[in-house]
Amino acid sequence: MIGFVIFLAIVLALVAWAVAIYNRLVSYCNRFKNAFAQIDIQLKRRYDLIPNLVETAKGYLKHERETLEAVISARNHAVAANATDAVAVRQMAASEGVLSASLGKLFALSEAYPDLKATQNMMQLTEELTGTENRIGFSRQAYNDSVMEYNTAIEQFPASICAGMFSFKPAQLLQATETPEERKAVKVTF
């Protein structure tokens, strides 16, 4: 009888231990999903600001239609990116890189138009977009920190056993996707 009680106590302790590990892994998983949702919120804010920025610039940059169209196209492509798995996260990061490069070109062009740069709307939108870009950067960092914590937890023993049994998969980090073209300084000629 005492042997059965000891056996039962050991089994219950192992079950409690496995439940604790499982719950910790679920918590880490939910943290990185929440961190990704925060990026999504900031990207939505950015997507909402871009059409206003382009409309403000249109009157001044009539002959720079190609740049304006590139910004709108990059924005629409980035909005359409839906990150639901590792491949989609990489595609979303690539779309965001193209959008950032397009915005950089737009801001470089606005430097050449002092009247545009000085308008209240343009200054306010530029400031809002700059703040949003900073928030996106911080959100991406928080996401990567959460992913690193989650991935470390599912790889460490003994949690790796529980992670394997319950199909916890590694999450994808967001990485810079700059191409050599994006790293070049923007050249504006007239």
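The values are calculated or read from the model by the stated rules, or taken from the named source; none is laboratory data. Keep in mind it's a predicted model, so treat the numbers as computed, not measured. Positions of Cβ are backbone-derived with ideal geometry, glycine not excepted, and every protein chain shown enters the neighbour counts.
Here the stretch 125-153 is the region considered, the condition is being exposed (fewer than 13 other Cβ atoms within 10 Å of the Cβ) and over 23 Å from Cys29 (Cβ atoms), and the residue that is farthest from the chain's Cα centre (by Cα) is Glu127.
Taken over the stretch 38-60, residues that are of a type in the set (Ser, Thr, Tyr) and at pLDDT below 75 amount to 2.
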